[in-house]
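Enquirer: What follows is a structure written as structure tokens; I'll ask about it next.
We did not get these values from a lab; they are worked out from the coordinates using the rules stated. As the structure is a computational prediction, the values presented were derived from the model and not from experiment.
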Amino acid sequence: MTDRPTADRSSTEPMIIGASPDLDDNLVDGDAATYLEALVVDPSAVGAATFSGVPEGLPLELVGQHLRLSGTVNIGYHRRLSDFVNNNDGLIALRDVTVLRRNGDPTKVTSPSIWVNPGEVTLIAQVSDVDEPRPAGVEFQQKRAFHMIVVTPGHTLTGEVHLNQEAVLSAFIESRDPLWIPMTDVRTRSLADRRVISRYGFALLNRSHIVAATELMAGMMRGRSVL
């Protein structure tokens, strides 16, 4: 009579490969940067990878609900970033890319290029000359600034929308065009971590990510923090 085989309980349990307590402690729920860094970066490596040469293109930050990237983009024959983004069809090629943490700190995850689905991006922010005044041309002077408060799936933000003198704000907000709304003096606060506040001199807001929006009425003082 042979002994009846017994099941090894450990063999029926799921196997976790490459997990370590120290690594799990550093992961931030909902922040893709920490997971990407754990996935592709050698823990023994010291310092972040660097690119040779001078980056070409317009320096940008792309901010989504769970992913934040910095890099450059070539806008080609377009004169303005808003023209390039609103006329783009398909994925956007971002060059000299660094994956950022939710608070904007760079990770060790870098790449010469990443293709991004703009439909999943909330903000495309220009990071050059943020604190310098923008040239006030004739076209800019003829527009009227509206102070806005916007809620998206991942952020609350404030900023200014510039419309023609005869434009009606409610009609602009209810419209489907343009898909990407140019805004200035943009300040964002992460809904996942209210301590994370960012500021951009100029950014494009994805209209399809707007959960709620309202004008900052007269008498409502906007402080240095974001609502």
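Enquirer: So for the range 138-215, Kirkwood radius off the Cα pairs, Stokes-Einstein at 25 °C and 0.890 mPa s: how many µm² s⁻¹?
Expert: In µm²/s, the coefficient is 189.
Enquirer: Taking Cα centroids, how far is the range 54-128 from the range 179-216 in Å?
Expert: Spelled out, the Cα-based centre of one part sits 16 Å from the other.
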